[in-house]
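Chemist: Input: one structure, supplied below.
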Amino acid sequence: MDKLNSLIIFVRAAQNRSFSEAARQMGMSPSSVSKAVQRLEEELGIRLLNRTTRSVTLTDDGAAFYARCRQIIDELEEAEQELLRTRYQPSGTLRIDLTMALGRMHIVGALPLLTAKYPSLKLDVSLNDRFVDLIEEGIDAVVRLGIGTDSRLIMHRVATVRFVVCASPDYFKRHGIPKTPQDLKQHNCINFVYPQTRRVFEWRFQHGSLHTPGNPRNALPHQGEQFEMPVEGSLRFDHAESLLEAAIAGAGIVQVLNYVAGRAIAGGELQPILEDYAAPGEPISVIYPQKRHLSAKVRAFIDFMVDLMGQLRLEKIVE
């Protein structure tokens with residue numbers, strides 16, 4: 001039991017980067033917290049924390065040990081929940097991180113439905129598109145696009161997205177409607193720029209069926225093959241929602257993921273084109289740390305996302 005208490009004290013000190021704050025949370029004195037961590041270090045023969053007068057930080061060995069300790073303590077907390085018969089009633093704080101555009105446009109507004117269904121559940125939500133280390137940062141689940149490679153994590157796919165090319169009806173009235181991707185060279189295309197690298201995103205397409213209009217039977221020998229094509233225009237943005245706003249204003253043609261443009265298309269603000277050339281995008285997944293038992297609060301969030309994506313499919317916002 002002393003060893004377990006020492007692990008809990010170490011985790012609290014590492015989380016808060018402060019012996020004083022850990023002591024306050026645990027109802028102990030700062031010196032008791034410091035001594036408990038020191039005893040643990042002496043027993044292990046490894047320095048876990050670097051101390052300064054203002055804060056404590058993890059050493060490299062301490063960071064690895066902290067990640068394992070967090071898993072152990074999380075498992076113990078989940079076991080305690082089960083003993084208290086809360087396994088099937090989500091409670092406590094659920095820390096989630098959402099990809100920016102999808103979160104802002106479709107998930108955040110629906111989260112009150114989740115908390116209304118589970119009054120004992122509280123949500124701690126962040127939105128960004130950066131890489132998140134769930135285990136190190138103590139996050140329960142993230143929503144991301146793409147395929148992950150971290151064997152410590154489980155990916156639960158909830159939907160798939162695709163690319164859509166669109167512009168305002170007014171733009172097409174003034175400039176005509178492109179019939180093939182090559183026709184885009186005669187139009188003002190609004191480009192997306194990756195914020196980190198400033199590299200321009202090249203538009204993605206997929207050869208359609210040989211029997212679709214505009215595709216003679218022998219014209220596309222590589223049916224279904226994907227290809228990329230650079231386009232030109234007078235505007236570039238590093239924010240997907242800004243592209244959408246510019247397109248709605250009639251500034252030009254954009255290619256975005258369907259969940260970005262779905263509601264604007266449904267509302268008639270944007271008109272999709274080149275649908276026979278639509279390229280598939282990435283899967284949308286709920287990603288969470290691999291554990292023997294899935295906590296009730298994470299399970300509730302996965303179920304919530306599955307239901308939400310099902311509603312968006314009916315609105316043709318995702319596949």
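Values quoted throughout were computed directly from the atomic coordinates according to the rules given, and no laboratory measurement underlies them. This one's a predicted model, so the numbers in the text were calculated from it and none came from an experiment. Virtual Cβ from ideal backbone geometry, glycine too; neighbours counted across all protein chains shown.
Chemist: For a quick check, take a GNM of the chain with Cα springs below 10 Å and name the residue from L44, L153, L308 with the largest mean-square fluctuation.
Modeler: Highest fluctuation of the listed residues: L44.
Chemist: Would you mind estimating how fast the stretch 161-281 diffuses translationally, via Stokes-Einstein at 37 °C and 0.692 mPa s with the Kirkwood radius over Cα pairs, in µm²/s?
Modeler: 225
Chemist: In the calculated pair distance distribution of the stretch 235-317, what percentage of Cα-Cα distances lie above 14 Å?
Modeler: The proportion of pairs with Cα distances above 14 Å equals 71 percent.
Chemist: I'd like to know how the stretch 2-83 sits against the 2.2 N^0.38 Å rule of thumb: what's its Cα Rg over that expected value?
Modeler: For the stretch 2-83, the normalised Cα radius of gyration comes out at 1.05.
Chemist: Which one of N16, S31, L4 is farthest out on the positive end of the charge dipole of the stretch 1-53, using unit charges on Cβ (Lys, Arg +1; Asp, Glu -1) and the Cα centre as origin?
Modeler: Working it through, the farthest residue towards the positive pole turns out to be N16.
Chemist: Shifting gears a bit: What three numbers, in Å, describe the spread of the alpha carbons of the stretch 1-43 along their principal axes, ordered from the longest?
Modeler: Cα spread of the stretch 1-43 along its principal axes, largest to smallest: 24, 17, 17 Å.
Chemist: Counting DSSP beta bridges with both partners in the chain, what percentage is antiparallel, nearest 5? Write out the running numbers ahead of the final one.
Modeler: Numbers: 28 of 41 bridges.
Bridges in the chain are about 70 percent antiparallel.
Chemist: Which value in deg cm²/dmol, rounded to the nearest 500, describes the helix-derived mean residue ellipticity at 222 nm for the chain, given -39,500 (n - 2.57) per DSSP H run of n ≥ 4 and division by the residue count?
Modeler: Values: 10 runs with 117 residues, N = 319.
My calculation for the chain gives -11500 deg cm²/dmol from helical runs alone.
Chemist: Given the stretch 99-149, what whole percent of its Cα pairs are spread farther than 18 Å?
Modeler: Here the tail beyond 18 Å accounts for 39 percent of pairs.
Chemist: Compute the projected area of the convex hull of the Cα atoms of the chain, averaged over all viewing directions, and report it in nm² to one decimal place.
Modeler: 21.0
Chemist: List the lysines whose alpha-carbon lies under 21 Å from that of K117, not counting same-chain residues fewer than 8 positions away?
Modeler: K297
Chemist: Sticking with this structure for a sec: Can you give the Rg and Dmax of the stretch 1-145 based on its C-alpha atoms, in angstrom?
Modeler: Rg and Dmax of the stretch 1-145, Cα atoms, are 17.7, 51 Å.
Chemist: Pick from M28, M155, M309 the residue whose mean-square fluctuation is largest in a GNM of the chain, springs joining Cα atoms under 10 Å.
Modeler: M28
Chemist: Report, in debye and to the nearest 20, how large the dipole of the stretch 17-154 comes out about its Cα centre when Lys and Arg carry +1 and Asp and Glu carry -1 on their Cβ.
Modeler: 440
Chemist: Right, here's the next one. Using Cβ contacts closer than 10 Å as the measure, can you line up F227, F172, F19 from fewest to most?
Modeler: Details: F227 14, F172 17, F19 25.
Lowest to highest Cβ neighbour count: F227, F172, F19.
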